[in-house]
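In what follows, a single structure is set out as structure tokens and then discussed.
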Amino acid sequence: MRKIVLILIILVTIITSSTVVLLINHKSDTTGEDITNKAVNITINKANSQSEYSNEDLDTVSGTEKMLNVPLLCQYPELPTGCEATAAAMVLQYYGINITAEDFARNWLACDANFYSINGLWYGPDPNEVFAGDPFSEYAYGCYATPIVSAVNKNSTQCKAWKITDESLETLCAKYIDEGKPLLIWATMDMKQSEQGNSWYLQNGTEFTWIAGEHCLVLVGYNEDYYFLNDSQTGSTVAYKKEIVELRFQELGSQAVYISKANR
């Protein structure tokens, strides 16, 4: 009898532990820090006003070559894992669309929080098709470019969206930023090195592995040394060295989303 009880306790512990790991190891789980991934102070003239974004003990960026006046939004506290929805809302507002990040996440973005286990194997949604989890919860993963494109094209009567892959940020700046067109890009939180996250099986039987540290930002400008990005983590514009942004961008599959007015 004691052996049976002991076995049951072990099984419960294993199942409970597996569940906890799957839930808490979401997009914010990264370890280690690259010494080149520091955001820096920038003072930028936007339209007729000057906005200053500071970060103690970091250098100052000057000589901005290109900067787009994209609205700033913070994902917290409502959307702790909703960086993608927040980034999309920033760009939509740039084009004059009256939408909040919360509206986008709740009413436009397809989400699926159905994770389950069969015969010891975890199954869950495909972040290339839907947001994996609930962006209003801290226990969620996120999504990649396609669900954002689908959300805009399905719900907006004024804007269209396109997925862009396999182009460098330098090329994207020349094609889009120079033409006054901001981009959603996928990189990592604080530009830390991405890591292998949790794995689960999709409905088609394919094993999927989440990229831990995933983060969606809005590329709004650049100069000779830095890329400027609207970051929903802080609700501010941050600057990172071009090399580190390009590297993190590549780690997330070099994926971006271009949103524009439908008649453009």
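All of the numbers you see were taken from the coordinates with simple rules; none came from a lab. Everything numeric in this text was worked out from a predicted model, so none of it was measured. Ideal geometry is used to build each Cβ from the backbone, glycine not excepted, and the neighbour counts take in all protein chains shown.
A few points about this structure:
- Any chance TYR240 is over 15 Å from the mean Cα position of the chain (by Cα) and closer than 21 Å to MET67 by Cα: yes
- Subset tally (residues that are of a type in the set (S, T, N, Q), surrounded by fewer than 19 Cβ atoms within 10 Å (Cβ to Cβ) and under 19 Å from the mean Cα position of the chain (by Cα)) for region 159-190: 2
- Some residue of region 77-92 being assigned to a strand (DSSP E or B) and hydrophobic (A, V, I, L, M, F, W, C): no
- Subset of region 127-152 [under 22 Å from ASN230 (Cβ atoms) and either without any contact (Cβ under 8 Å) to a residue 40 or more places away in the chain or part of a strand (DSSP E or B) (or both)]: PHE131, GLY142, THR146
- The listed residues are GLY253, GLY197, and the only one of them that is in a strand (DSSP E or B), under 16 Å from the mean Cα position of the chain (by Cα) and within 30 Å of TRP122 (Cα to Cα) turns out to be GLY197.
- Failed item, numbered, when ASN230 is tested on (1) among the polar types (S, T, N, Q); (2) in a strand (DSSP E or B); (3) within 30 Å of ASN119 (Cα to Cα): (3)
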